[in-house]
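Heads up: the structure comes next, in structure tokens.
The values are calculated or read from the model by the stated rules, or taken from the named source; none is laboratory data. What you see is a predicted model; the values in this text were computed from it and never measured. Please note: Cβ atoms are built from the backbone with ideal geometry, for glycine as well, and neighbour counts cover all protein chains shown.
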């Protein structure tokens, strides 16, 4: 973990939702490295609210029927 990475990166449960490592890496580069304050998951967590399991960093949600690998 780099000093500019999200402090939640190593324990973020969202990554268990993806089967492809490329998808995980895309989200990490876009939301977890550097400007992680724009992550919808982090915003909810920091405000003390519950973070839905299917919430993506961009604020979209995975369909209810989505299942982890």
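Brief remarks on what is shown
- Looking only at the stretch 1-53, and only at residues there that are closer than 18 Å to residue 63 by Cα, touching a strand residue (DSSP E or B) at 6+ places or on another chain (Cβ under 9 Å) and in contact (Cβ under 8 Å) with a residue 24 or more places away in the chain, the one that is surrounded by the most Cβ atoms within 10 Å (Cβ to Cβ): 41
- In the stretch 1-24, the residues that are within 19 Å of residue 55 (Cβ to Cβ) and in a helix (DSSP H, G or I): 9, 10, 11, 13, 14, 15, 16, 17, 23, 24
- Yes/no for residue 57 being part of a loop (DSSP other than H, G, I, E, B), in contact with a strand residue (DSSP E or B) (Cβ under 8 Å, 6 or more places away or on another chain) and modelled with pLDDT of 90 or more: no
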